[in-house]
1. Which is in contact with a Phe, Trp or Tyr (Cβ under 8 Å, 6 or more places away or on another chain), assigned by TED's automatic domain parsing to the domain that holds Glu40 and farther than 30 Å from Ser204 by Cα, of Val70, Val98, Val87, Val93?
2. Do we have Val19 as touching a Gly at 6+ places or on another chain (Cβ under 9 Å), of a type in the set (Val, Ile, Thr) and at pLDDT 90 or above here?
3. Just to verify a result, which residue in region 91-103, among those that are in a helix (DSSP H, G or I) and in contact with a helix residue (DSSP H, G or I) (Cβ under 7 Å, 6 or more places away or on another chain), is surrounded by the most Cβ atoms within 10 Å (Cβ to Cβ)?
4. Which of the residues that make up region 221-235 are modelled with pLDDT under 95 and under 14 Å from Leu185 (Cα atoms)?
5. Need a quick list: helices (runs of 4 or more DSSP H) entirely within region 104-160 having at least 1 residues that are at pLDDT 95 or above and out of contact with any Lys or Arg (no Cβ under 6 Å at 6 or more places or on another chain).
6. From (1) surrounded by 15 or more Cβ atoms within 10 Å (Cβ to Cβ); (2) within 23 Å of Ala247 (Cα to Cα); (3) at pLDDT below 95; (4) among the charged types (D, E, K, R), pick out the condition that doesn't hold for Arg194.
7. So which residues in region 227-255 are over 30 Å from Arg59 (Cβ atoms) and surrounded by 18 or more Cβ atoms within 10 Å (Cβ to Cβ)?
8. Answer with yes or no whether Pro129 is surrounded by fewer than 19 Cβ atoms within 10 Å (Cβ to Cβ), without any contact (Cβ under 8 Å) to a residue 12 or more places away in the chain and in the same structural domain as Gln191 (by TED's automatic domain parsing).
Amino acid sequence: MIGILADTPRDAELMRRAVVGGARVIHAASDLAATDLDIECLVFSSRSGLLAERISLLREVERKLPWVPVILVTDRKIAIARLLSRVQVADLVWFEEVERQLAPRIESARGGSALLQMADKIRRSTAPPALRSAVAHALREARRTPVRNVQELASAVDCSPVTLFQQFQARALRRTTFNRFLGALAILRAQQLRATGAKWKQVSVQLGLPRETLRRKAKRWLGCNLLELERIPPHQLLAAFALEHFAPLLDPPPPDAGG
């Protein structure tokens, strides 16, 4: 499902006509919630004269659905580059090119791995460089064989594990932990492998983690056993990971959040 958020009903209809497949017009960012798990890509349409006012709205979308790629549709103006330095979008389409360019750009954004989208977002965030590099590496590796612990990750990115622990804790402020972040990535990959028909023994071998360890990680994060894990819709599991373990790393919390 493609989400469309536009300044006017007329622009929303222009976007809807250019989209191939199902689309849903969203009237306000407040309508977006964690329950909008079927949104694979969001088209954010705004005329250049209004874009400066709507940057905060675009940032709110990023916070609410951090795993969803956003395509910005706007007017061709030089000042756009300055405005976009404050937000992250997967792609940019000019209004005059909507009919020709929007559909293929959507397909390209949808085709990219959600974990790769997250890796790109953290790489462009304000987190410390060492932490950006480590988290992006962990997200990329989770598409194949997830990193098992912080020591292994630190070795892979040539950084002190103590430094990574400290930077992660300072960034997340108890909203998540490094071990829980890595454990959730392992569970995401385990569910994917199981869905392909692999037995749990095969999953354990591929991930380098005993089945009992996977069971504990699923229990700690989701409160479920491995059989129940198999029944969770993949997009729901990904959304839970993004909101609970990834979103806290994108932007620093308010100054009083740790109090």
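1. Numbers: Val98 fails: in contact with a Phe, Trp or Tyr (Cβ under 8 Å, 6 or more places away or on another chain); Val87 fails: in contact with a Phe, Trp or Tyr (Cβ under 8 Å, 6 or more places away or on another chain); Val93 fails: in contact with a Phe, Trp or Tyr (Cβ under 8 Å, 6 or more places away or on another chain).
So the residue among Val70, Val98, Val87, Val93 that is in contact with a Phe, Trp or Tyr (Cβ under 8 Å, 6 or more places away or on another chain), assigned by TED's automatic domain parsing to the domain that holds Glu40 and farther than 30 Å from Ser204 by Cα is Val70.
2. On the way: touching a Gly at 6+ places or on another chain (Cβ under 9 Å): no; of a type in the set (Val, Ile, Thr): yes; at pLDDT 90 or above: yes.
Considered against the rule, which asks whether it is touching a Gly at 6+ places or on another chain (Cβ under 9 Å), of a type in the set (Val, Ile, Thr) and at pLDDT 90 or above, Val19 comes out as no.
3. So in region 91-103, the residues in a helix (DSSP H, G or I) come out as 95-103.
From what's left, in contact with a helix residue (DSSP H, G or I) (Cβ under 7 Å, 6 or more places away or on another chain): 98-99, 102-103.
On the way: Val98: 20, Glu99: 11, Leu102: 24, Ala103: 16.
Selected residue: Leu102.
4. Result: Pro234, His235.
5. Numbers: elements: 114-123, 129-141, 150-156.
The qualifying helices (runs of 4 or more DSSP H) are 129-141, 150-156.
6. All conditions are met except number (2).
7. Quick first cut of region 227-255, residues over 30 Å from Arg59 (Cβ atoms) only: 227-231.
Matches in region 227-255: Leu229 only.
8. Details: surrounded by fewer than 19 Cβ atoms within 10 Å (Cβ to Cβ): yes; without any contact (Cβ under 8 Å) to a residue 12 or more places away in the chain: yes; in the same structural domain as Gln191 (by TED's automatic domain parsing): yes.
Here the answer is yes, as Pro129 does meet what is asked.
The values are calculated or read from the model by the stated rules, or taken from the named source; none is laboratory data. These figures come from a predicted structure and were not determined experimentally. Every residue, glycine among them, receives a Cβ derived from its backbone with ideal geometry; neighbour counts consider all protein chains shown.
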